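Visitor: Following this message is one structure expressed as structure tokens.
The values are calculated or read from the model by the stated rules, or taken from the named source; none is laboratory data. Because the structure is predicted, anything quoted here is derived from the model rather than measured. Note that each Cβ is placed from the backbone with ideal geometry, even for glycine, and that neighbours are counted across all protein chains shown.
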């Protein structure tokens with residue numbers, strides 16, 4: 001497990017990067033498909049910094065993220081979400097992952113953008129490092145008016161995965177919904193590009209689950225439960 005300092009050190013290396021495709025979008029597209037080469041890359045940047053700094057397990061509890069809303073929901077499900085009020089923003093720490101809503105509604109569904117907090121400035125303001133801000137990686141100063149909230153990664157090595165797994169249901173072939181989408185996203189992150197994010201637990205999903213179960217040394221029954229979730233959530 002890495003540290004917040006390592007996460008920020010990696011983010012600083014990207015400052016000045018601009019345009020797309022770039023190093024970050026190419027790396028993400030190499031795992032998830034060419035459609036990401038020219039896509040919005042703010043959350044791809046957070047994913048890149050987390051993986052490069054040894055913090056994937058802390059920053060990406062459900063695997064790689066390019067879509068900010070899903071990433072924010074990951075923190076909420078893990079009980080590590082803080083709202084974007086001035087008081088909460090004043091309590092932010094370096095390394096926290098901050099999500100923005102330019103419409104100032106503080107609604108998770110309206111999140112537009114994401115970055116990593118480099119410094120808390122007080123008065124509801126933070127200094128950040130953000131990818132895809134004016135199509136570049138830059139430092140910014142933001143205030144609580146546009147901050148929807150922030151997630152606090154488990155840099156301390158606490159049992160985030162264990163706590164999260166306790167809240168997750170058992171899903172198997174025939175199931176539908178957001179938890180199936182999470183399984184499919186995790187399978188994609190574990191080198192199963194044949195799996196699509198359909199939200200339907202189909203034959204392809206079941207086959208990939210069984211392959212991961214065999215790799216993880218648990219019964220390959222195709223059912224994602226308390227023994228399989230930790231294998232899917234583990235990041236190497």
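Visitor: Can you tell which of 102, 70 is over 21 Å from residue 4 (Cα atoms), under 14 Å from the mean Cα position of the chain (by Cα) and not assigned by TED's automatic domain parsing to the domain that holds residue 220?
Guide: 70
Visitor: Would segment 14-28 turn up any residue that is surrounded by 17 or more Cβ atoms within 10 Å (Cβ to Cβ), closer than 13 Å to residue 131 by Cβ, assigned by TED's automatic domain parsing to the domain that holds residue 112 and touching a strand residue (DSSP E or B) at 6+ places or on another chain (Cβ under 7 Å)?
Guide: Checking segment 14-28: at least one residue is surrounded by 17 or more Cβ atoms within 10 Å (Cβ to Cβ), closer than 13 Å to residue 131 by Cβ, assigned by TED's automatic domain parsing to the domain that holds residue 112 and touching a strand residue (DSSP E or B) at 6+ places or on another chain (Cβ under 7 Å).
Visitor: So, one more: Considering only residues that are modelled with pLDDT of 95 or more, surrounded by fewer than 17 Cβ atoms within 10 Å (Cβ to Cβ) and in a loop (DSSP other than H, G, I, E, B), which ones fall in segment 94-121?
Guide: Within segment 94-121, 94, 102, 112 qualify.
Visitor: Considering only residues that are closer than 22 Å to residue 45 by Cβ and part of a loop (DSSP other than H, G, I, E, B), look in segment 71-93 and name the one that is modelled with the lowest pLDDT.
Guide: 78
Visitor: Any idea which residue in segment 129-138 is farthest from residue 103 (Cα to Cα), counting only those that are part of a strand (DSSP E or B) and touching a helix residue (DSSP H, G or I) at 6+ places or on another chain (Cβ under 9 Å)?
Guide: Taking the candidates together, the pick is 129.
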